[in-house]
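Asks: Structure in structure tokens, see below.
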Amino acid sequence: MEKILLKNISKTFDLATEQKVLDNLNLEIASGEMLAITGVSGSGKSTLLYILGLLDHDFEGEYYIDDKSIQSLSDKELSLYRSKSVGFVYQDFNLIKELSAIDNVAMSLKINNLVLDRRSRLSRKEIYEKSTETLEKLGLKDHMKKHPGQLSGGQQQRVAIARSIVKKPDMILADEPTGALDRKTSADIMNCLLGLNDEGMTIIIVTHDNEIAGKCRRKVKLVDGVLV
Ligand SMILES: Nc1ncnc2c1ncn2[C@@H]1O[C@H](COP(=O)(O)OP(=O)(O)OP(=O)(O)O)[C@@H](O)[C@H]1O
Ligand SMILES: [Mg+2]
């Protein structure tokens, strides 16, 4: 993936009031960018992130990936793209609490396997090798067998990041990734995301924390449905 282009994107939830959460919004994101999206609560940051991550295709306007309109892709192509190219990280980690750290990470690859054709699927051995390697890279070597309830918030968020990067996506979309963490742990998580960006991964972070936004290489703010 080289770039993403959003052109004149509008989004309305309530057709009765026709209040536009996004109103002819334009955004271009080049591969390898580290972008912060800020804005007050309710300004539409998560809405924009879901559209960027192709979780929501119910919007007006145009969305291009490498000059190709997503409207021209079939549902199957879209889900393949989403599952291969986009990793999500959430404020509350969203780990499966019944599974160990390594099984949470492995789950991402198992789900990915479902949309891959037979030849590209990973074996169980490969899945666990990749999951181990990724958790080790994020400093979780000694915590792989623990369940989320046995990990600190920062460790859980690193497991969540491992889960999103294990499939080597082109971009990570993070919705308030440090929102539930203290300052020091937030800084650790940001360093981790900056390191991934140094390796070439596109990273988009929604945050209302100016300190976090300040660490990103580019900042935009959502105001009245557009980016300023
Ligand atoms: N599924 C939905 N149905 C109806 N309205 C929605 C829905 N999702 C979001 N909205 C509305 O759209 C607006 C933008 O919501 P969104 O969640 O994108 O804001 P946000 O900037 O992420 O806020 P926060 O910082 O609190 O997470 C809000 O007014 C919200 O009430
Ligand atoms: Mg939100």
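Listed here are the residues, each with its yes/no results for (1) part of a loop (DSSP other than H, G, I, E, B); (2) without any contact (Cβ under 8 Å) to a residue 40 or more places away in the chain; (3) out of contact with any helix residue (DSSP H, G or I) (no Cβ under 8 Å at 6 or more places or on another chain).
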{"position": "S164", "(1), (2), (3)": "no, no, no"}
{"position": "D188", "(1), (2), (3)": "no, yes, no"}
{"position": "C192", "(1), (2), (3)": "no, no, no"}
{"position": "G200", "(1), (2), (3)": "yes, no, yes"}
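Asks: I'd like to verify a number: residues in the stretch 202-215 that are assigned to a loop (DSSP other than H, G, I, E, B) and touching a helix residue (DSSP H, G or I) at 6+ places or on another chain (Cβ under 7 Å), how many? Walk me through how you get there before you give the answer.
Replies: Start the filter on the stretch 202-215 by keeping residues that are assigned to a loop (DSSP other than H, G, I, E, B), which leaves 207-209.
So of that shortlist, the ones also touching a helix residue (DSSP H, G or I) at 6+ places or on another chain (Cβ under 7 Å) come out as 207.
Going through the stretch 202-215 one residue at a time, the tally reaches 1.
Asks: Anything in the stretch 174-194 that is in contact with a Lys or Arg (Cβ under 9 Å, 6 or more places away or on another chain) and of a type outside the set (V, I, T)? List them, or say none. Talk me through it step by step, then tell me what you get.
Replies: Residues of the stretch 174-194 in contact with a Lys or Arg (Cβ under 9 Å, 6 or more places away or on another chain): 175-176, 187-194.
Listed by number, the residues that qualify are D175, E176, A187, D188, M190, N191, C192, L193, L194.
Asks: Before we move on, is L54 over 26 Å from D224 (Cβ atoms) and surrounded by 13 or more Cβ atoms within 10 Å (Cβ to Cβ)? Talk me through it step by step, then tell me what you get.
Replies: Details: over 26 Å from D224 (Cβ atoms): no; surrounded by 13 or more Cβ atoms within 10 Å (Cβ to Cβ): yes.
No: the conditions fail for L54.
Asks: Identify, by number, the condition in (1) under 22 Å from L151 (Cβ atoms); (2) more than 15 Å from the chain's Cα centre (by Cα); (3) among the hydrophobic types (A, V, I, L, M, F, W, C) that L193 doesn't meet.
Replies: So the condition that L193 fails would be (2).
Asks: Out of A162, A180, A174, report the one residue that is under 16 Å from the mean Cα position of the chain (by Cα), within 16 Å of ligand 2 (Cβ to nearest atom) and closer than 25 Å to I102 by Cα.
Replies: Numbers: A162 fails: within 16 Å of ligand 2 (Cβ to nearest atom); A180 fails: under 16 Å from the mean Cα position of the chain (by Cα).
Step by step, each of A162, A180, A174 is checked, and only A174 is under 16 Å from the mean Cα position of the chain (by Cα), within 16 Å of ligand 2 (Cβ to nearest atom) and closer than 25 Å to I102 by Cα.
Asks: For the stretch 58-70, give me each residue that is closer than 26 Å to H208 by Cα and either assigned to a loop (DSSP other than H, G, I, E, B) or within 16 Å of ligand 2 (Cβ to nearest atom) (or both).
Replies: Those that are closer than 26 Å to H208 by Cα and either assigned to a loop (DSSP other than H, G, I, E, B) or within 16 Å of ligand 2 (Cβ to nearest atom) (or both): D58, F59.
Asks: Inside the stretch 176-228, can you point out the residues that are touching a Leu at 6+ places or on another chain (Cβ under 7 Å) and more than 15 Å from I37 (Cα to Cα)?
Replies: Once the filter is applied, which keeps residues that are touching a Leu at 6+ places or on another chain (Cβ under 7 Å) and more than 15 Å from I37 (Cα to Cα), the stretch 176-228 yields I189, C192.
Asks: Right, here's the next one. Scan the stretch 93-107 and tell me whether some residue there is surrounded by fewer than 20 Cβ atoms within 10 Å (Cβ to Cβ), within 16 Å of ligand 2 (Cβ to nearest atom) and at pLDDT 95 or above.
Replies: So in the stretch 93-107, the residues surrounded by fewer than 20 Cβ atoms within 10 Å (Cβ to Cβ) come out as 94, 96-100, 103, 107.
Keeping just the survivors that are within 16 Å of ligand 2 (Cβ to nearest atom) gives 94.
Next, from what is left, pick out any that are at pLDDT 95 or above: 94.
Within the stretch 93-107, one or more residues are surrounded by fewer than 20 Cβ atoms within 10 Å (Cβ to Cβ), within 16 Å of ligand 2 (Cβ to nearest atom) and at pLDDT 95 or above.
Asks: Report, by residue number, each residue of the stretch 104-136 that is among the charged types (D, E, K, R) and part of a helix (DSSP H, G or I). Don't jump to the end; show me each part of the working.
Replies: Step one: filter the stretch 104-136 for residues among the charged types (D, E, K, R), giving 110, 117-119, 121, 124-126, 129-130, 133, 136.
Result: K110, R118, R119, R124, K125, E126, E129, K130, E133, E136.
Asks: A follow-up question, please. Any residue that is surrounded by 14 or more Cβ atoms within 10 Å (Cβ to Cβ), of a type in the set (F, W, Y), away from ligand 1 (no atom under 16 Å from the Cβ) and over 22 Å from D23 (Cα atoms) - is there at least one of those in the stretch 61-75? Show your work before the answer.
Replies: To start, the set of residues in the stretch 61-75 that are surrounded by 14 or more Cβ atoms within 10 Å (Cβ to Cβ) comprises 61-65, 70, 73.
Among the residues that remain, those that are also of a type in the set (F, W, Y) are: 63-64.
Keeping just the survivors that are away from ligand 1 (no atom under 16 Å from the Cβ) gives 63-64.
Pick out the ones that are also over 22 Å from D23 (Cα atoms) and you get none.
No: the stretch 61-75 contains no residue that is surrounded by 14 or more Cβ atoms within 10 Å (Cβ to Cβ), of a type in the set (F, W, Y), away from ligand 1 (no atom under 16 Å from the Cβ) and over 22 Å from D23 (Cα atoms).
Asks: On to the next question. Tally up the residues in the stretch 25-53 that are in contact with a helix residue (DSSP H, G or I) (Cβ under 9 Å, 6 or more places away or on another chain) and within 16 Å of ligand 1 (Cβ to nearest atom), please.
Replies: So in the stretch 25-53, the residues in contact with a helix residue (DSSP H, G or I) (Cβ under 9 Å, 6 or more places away or on another chain) come out as 25, 27, 29, 32-34, 36-39, 53.
Right, trim to within 16 Å of ligand 1 (Cβ to nearest atom) and you get 25, 27, 36-39, 53.
Residues meeting the conditions: 7.
Asks: I'd like to check something: does the stretch 162-174 contain any residue that is at pLDDT below 95, within 18 Å of A106 (Cα to Cα), surrounded by 15 or more Cβ atoms within 10 Å (Cβ to Cβ) and among the charged types (D, E, K, R)?
Replies: Scanning the stretch 162-174 turns up at least one residue that is at pLDDT below 95, within 18 Å of A106 (Cα to Cα), surrounded by 15 or more Cβ atoms within 10 Å (Cβ to Cβ) and among the charged types (D, E, K, R).
Asks: Check G139, G154 and return the single one that is without any contact (Cβ under 8 Å) to a residue 40 or more places away in the chain, under 15 Å from C192 (Cβ atoms), in a loop (DSSP other than H, G, I, E, B) and not charged (D, E, K, R). Walk me through it before giving the result.
Replies: On the way: G154 fails: in a loop (DSSP other than H, G, I, E, B).
From the options G139, G154, the qualifying one is G139.
Asks: When the stretch 79-101 is examined, which residues are found to be assigned to a helix (DSSP H, G or I) and either charged (D, E, K, R) or closer than 12 Å to I161 by Cα (or both)?
Replies: Here is the first cut: in the stretch 79-101, the ones assigned to a helix (DSSP H, G or I) are 79-85, 101.
R82, K84, A101 - these are the residues of the stretch 79-101 that are assigned to a helix (DSSP H, G or I) and either charged (D, E, K, R) or closer than 12 Å to I161 by Cα (or both).
The values are calculated or read from the model by the stated rules, or taken from the named source; none is laboratory data. Just so we're clear, the structure is a prediction, and the values are computed from it rather than from any experiment. Ideal geometry is used to build each Cβ from the backbone, glycine not excepted, and the neighbour counts take in all protein chains shown.
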